[in-house]
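Reading through the structure tokens given below for one structure.
Values quoted throughout were computed directly from the atomic coordinates according to the rules given, and no laboratory measurement underlies them. Every value quoted in this text rests on a predicted model; they were computed, and no experiment measured them. Here Cβ is always computed from backbone atoms with ideal geometry, including for glycine, and neighbour counts include all displayed protein chains.
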Amino acid sequence: MFLNKTVLITGANRGIGRAIAEAFAQVGAGLIVHSRSQTAAFAEDMLALAARYKVAVEHVVFDMTDTPGMKAAINAALPPSRKIDVLVNNAGIAHGGLFQMTPVSVVRSVFDVNFFAQLELTQLMVRRMSRQKVGAIVNIGSIAGLDLAAGNVAYGVSKAALMAFTQTLAAEVGSMGVRVNAVAPGLVDTEMATQMEKKAGTEMIQNSAMKRLATVEEIAQVVLFLASDAASFVNGQVIPVNGGSA
Ligand SMILES: NC(=O)c1ccc[n+]([C@@H]2O[C@H](COP(=O)([O-])OP(=O)(O)OC[C@H]3O[C@@H](n4cnc5c(N)ncnc54)[C@H](OP(=O)(O)O)[C@@H]3O)[C@@H](O)[C@H]2O)c1
């Protein structure tokens, strides 16, 4: 389904992003994997992935908050003539804390990674996609941006903004052949989930009908569907992947 297609995934070195890279490689996509830094372990891992699925894997390296670095890396990897089929905005950081205890500078720094960096990268990609008249963008939101419980002023609100942006961008570029959707995972079994306060994590699992964390593969498969032609009329949607609410 993804033969001869190129997919850019941010934060592909671990967690959900790594599983998304594997899911696209399995169906034959060429990958441009992003990481904040280049490590020998990640380079080796990607070499093995490329060999396992016989796909091309290229790397782009930049901090999401370094806009000039992002632009330079993207322009080097993707000259204007090169087609890009899918962008997965996955990289993100967690933060928990009550509003009255959270300096606005901290909220701003979470937004810089979880929202503004996604806008910068999306703008670089969507201009190409609308010129090509084809493309799919999948943003990784969060259930925390839908239920917006206490303590979510930075993380949850940044994800709410990303999911709102998903809908407004979809309305702007749908007629140009570009679809934009988001996945809103519940708690997923990654390092990010282990950083969460134990009580909040337990509550999230209790509030899920299936009473467990998601696996990274369960999120990756929904991303793959949204990016694929099987979802050719799915646009501007936010898909919760949280095992249902109890
Ligand atoms: N895990 C969950 O329960 C859960 C639930 C809902 C939504 N999500 C969302 O899913 C996405 C992936 O989360 P995850 O659980 O896989 O988290 P993770 O294991 O903590 O991985 C986060 C990824 O984002 C990258 N990243 C963070 N800040 C960056 C920066 N400034 N520049 C470049 N890369 C940066 C990390 O790079 P480094 O390795 O260099 O740090 C890493 O690759 C995030 O957007 C997260 O908000 C996660």
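Taking amide hydrogens as placed 1.01 Å from N in the peptide plane, the amide H of R179 sits under 5 Å from those of G135, A136, I137, each at least 5 positions away in sequence or on another chain.
Note on the chain: Lys pairs 8 or more places apart or on different chains, Cα atoms under 25 Å apart, count 14. Per-residue ellipticity at 222 nm, computed for the chain from helices alone with -39500 (n - 2.57) per DSSP H run of at least four residues, works out to -13500 deg cm²/dmol. Direction-averaged projected area, Cα convex hull, the range 168-218: 5.2 nm², rounded to one decimal.
Note on the range 6-239: percent of Cα-Cα distances in each 10 Å bin, starting at 0 and stopping at the bin with the largest distance, equals 8, 33, 38, 18, 3, 0. The residue among M46, V106, G201 whose Cα reaches farthest toward the positive pole of the charge dipole of the chain, with charges on the beta-carbon of Lys, Arg, Asp and Glu, is M46.
Find out how many positive minus negative residues lie around Q132, taking Lys and Arg as positive, Asp and Glu as negative, among other residues whose Cβ is under 9 Å from that of Q132.
On the way: positive: K83, R128, R131, K133; negative: D85.
Result for the local shell: +3.
Between N152, M163, T122, the Cα set farthest toward the positive side of the dipole of the chain (charges on each charged residue's Cβ, about the Cα centre) is that of T122. This model, with +1 at the C-beta of Lys and Arg and -1 at the C-beta of Asp and Glu, gives the range 80-184 a dipole about its Cα centre of some 480 debye.
Each label point was placed 7 Å from the Cα along the Cα-to-Cβ direction; for E58 and A200 their separation is 3.8 nm.
Annotation: peptides 35-41, 200-206, ranked by per-residue average of other Cβ atoms within 10 Å with the highest first, follow the order 200-206, 35-41. Separation of the range 195-226 and the range 1-44, taken as the distance between their Cα centroids, equals 21 angstrom. Along the range 45-56 the Karplus relation, 6.51 cos²θ - 1.76 cosθ + 1.60 evaluated at θ = phi - 60°, assigns HN-Hα couplings of 4, 6, 5, 5, 4, 4, 5, 4, 9, 6, 10, 7 Hz to successive residues, with x for each Gly and Pro.
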